[in-house]
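Novice: Pasting a structure here, questions to come.
The values are calculated or read from the model by the stated rules, or taken from the named source; none is laboratory data. Note that the coordinates shown come from a computational prediction; the quantities given were computed from them, not determined experimentally. Positions of Cβ are generated from backbone atoms using ideal geometry, with glycine treated the same way; all protein chains shown enter the neighbour counts. Quick note on the areas: whole protein, heavy atoms, side chains included, nothing else; ligands and nucleic acids left out. Shrake-Rupley method; radii C 1.70, N 1.55, O 1.52, S 1.80 Å.
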Amino acid sequence: MVRALAMVTAFAATVAFSVLLARLTLQPSAASAALVHSNVHPGRSISLYLGDAPARDAVRQLGGNLLLGVPLGVLLPVLVPPARGFLRVGVVTAALMTLVELIQGALVTGRAFDVDDVILNTVGALLGYLLLGRRLGRAVHRPRRHWWRRRTARGAAPPG
């Protein structure tokens, strides 16, 4: 019963996060129209914000992108058991955020693709995973049995 409640709660949180993500990333931004430029060079936007932008804008942009990834790091291990694990959370988040950035750059006025947003979102998800997602995933789902542990558990000799 507790497991089912955790899954329903994680699903509801994912829906709420998806709505928030859509509102933040897929709505036209008149304020950003003058600043819109695509960035496919990792680190370029981060360097600009750290070097030339006012501190408030840098914290808002960089911190906002980090925070935007945190819910994925917390919710993925609970909602999608095969996505548990540091590397898997990173890959799934990077793929999802790349898709969001591509849609944003292609379809939304005043928005552009920025690879640094993907990087920051992914780092945020990894932080969320390390801080909370890993524990929640373990609490809700049984531990994974890797293929090499399954073979030795059945009495087969380990390879090699």
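Novice: For the pair THR9 and SER38, what calculated FRET efficiency results from E = 1/(1 + (r/R0)^6), where r is the Cβ-Cβ distance and R0 = 30 Å, to the nearest 0.05?
Specialist: The calculated FRET efficiency here is 0.20.
Novice: Taking only protein heavy atoms and a 1.4 Å probe, what accessible area per residue, in Å², does the stretch 82-126 have with all protein chains in place?
Specialist: Accessible surface, normalised per residue, equals 43 Å².
Novice: Lys and Arg at +1, Asp and Glu at -1: add these up for the other residues within a Cβ distance under 14 Å of HIS37 and post the number.
Specialist: Value of the local net charge: -3.
Novice: With θ set to phi - 60° and the Karplus curve 6.51 cos²θ - 1.76 cosθ + 1.60, what are the ³J(HN,Hα) couplings of the stretch 68-74 in order, to the nearest whole Hz, using x for Gly and Pro?
Specialist: 5, x, 4, x, 5, x, 8
Novice: Just flag the chymotrypsin sites (Phe, Trp or Tyr not before Pro) in the stretch 1-92 sitting in loop per DSSP whose Cβ has no more than 15 other Cβ atoms within 10 Å.
Specialist: Nothing satisfies the criteria.
Novice: I would also like to ask the following. Based only on the alpha carbon positions, what is the Kirkwood hydrodynamic radius of the stretch 1-120, in angstrom?
Specialist: 15.5 Å
Novice: Amide H neighbours of ASN39 under 5 Å, at least 5 residues apart or on other chains, H built in the peptide plane: list them.
Specialist: PHE113, ASP114, VAL115
Novice: Working out 0.36 nm times the residue gap between ARG138 and LEU26, then minus their Cα-Cα distance, what length gain in nm do you get to one decimal?
Specialist: Gain on extension, ARG138 to LEU26, equals 37.0 nm.
Novice: When the accessible area of the stretch 69-133 is computed with all protein chains present and a 1.4 Å probe, what percentage of it is carbon and sulfur?
Specialist: 82 percent
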